[in-house]
1. Determine the relative contact order of the chain: mean sequence separation of Cα pairs under 8 Å and six or more apart, normalised by residue count, in whole percent.
2. With the radius of gyration and the Kirkwood radius both derived from the Cα set of the chain, what is their ratio Rg to Rh?
3. Pairs of Cα atoms under 8 Å, at least six residues apart: use those to get the relative contact order of the range 21-88, whole percent.
4. Two decimals is fine: what is log10 I(q)/I(0) at q = 0.13, 0.19 Å⁻¹ for the range 111-170, from a Debye sum with one equal scatterer on every Cα and no solvent?
5. May I ask you to sort Ser68, Ser81 by Cβ crowding, counting other Cβ atoms within 10 Å and putting the fewest first?
6. With point charges of +1 on the Cβ of Lys and Arg and -1 on the Cβ of Asp and Glu, referenced to the Cα centre of the chain, which listed residue (His83, Gln135, Leu59) lies farthest in the positive direction of the dipole?
7. Using 0.36 nm per residue of separation minus the Cα-Cα distance, give me the extension gain between Glu4 and Ser84 in nm, one decimal.
8. Can you give me the relative contact order of the range 126-220 as a percent, contacts being Cα pairs under 8 Å and 6 or more apart?
Amino acid sequence: MKYELPPLPYAYDALEPYIDARTMEIHYTKHHQTYVNKLNEALATAPPEIADKPLEELLRGIDQVPESIRTAVRNHGGGHSNHSFFWTIMGPAAGQSAASGTAGTAGAAAGNMPDEKSKIAGAITQTFGGLKQFQAEFNKAAAGVFGSGWAWLVLDENGKLAITTTANQDSPLMRAQKPVIGLDVWEHAYYLKYQNKRPDYIDAWWNVVNWKAVNDRFGE
Ligand code: MN
């Protein structure tokens, strides 16, 4: 199976001013493309029963992937899977009025948050005690990733919502978890605009989370 860069569902400047166009373009056309290319290179050396397996299955069973390509599948397959997911759970801030409404309210979560009547908001509130509490906990996890990695809201192996982090391009799929939202905290995701200020990037990112897409995926 030959992998390709999936279409970006919006323009490079669609997430401005929270994520700048230059970062988006480099992130998508250079970083993500490189994960795709290197995944294809690794799989080209693998027998068909491995090369033709869906990527999600390869990641879920990463320990069964032949050792000669395991690290490449982990890093570049994980990178392809994580970024393909990441693009779909973001969207232009202005296009999400139906899902916003809590920004600026005293004591409320900051940025664009899900409609409180949505399924995902109900599940988050039930698990974390509220959207604000969830956001604070997620932000802490994302800011605390040492070096390169991701922060996630996942459905864990028991079907419960949980906040986790992964190092490098490791995927929650490798732990039998299903990603619900994910935030790339590699420096390449924010350095041009935010330099060393990762917490500012995290705060800004909440404005471009596409909660409708998250809620739809969560409902599946
Ligand atoms: Mn990235």
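1. Values: 341 pairs, mean separation 51.5, N = 220.
In percent, rounded to a whole number, it is 23.
2. Numbers: Rg = 17.3 Å, Rh = 17.9 Å.
Value, to two decimals: 0.97.
3. Working: 42 pairs, mean separation 27.6, N = 68.
Reported relative contact order: 41 percent.
4. Log10 I(q)/I(0), no solvent term: -0.36, -0.73.
5. Working: Ser68 10, Ser81 23.
With the fewest neighbours first, Ser68, Ser81 line up as Ser68, Ser81.
6. It is Gln135, whose Cα lies furthest towards the positive end.
7. 27.8 nm
8. Numbers: 117 pairs, mean separation 23.2, N = 95.
That works out to 24 percent.
Taken together, the values in this text are just the output of simple stated rules run on the coordinates, not laboratory data. Fair warning: this is a prediction, and the values are worked out from it, not measured in the lab. Cβ: placed from backbone, ideal geometry, glycine included. Neighbour counts: every protein chain shown.
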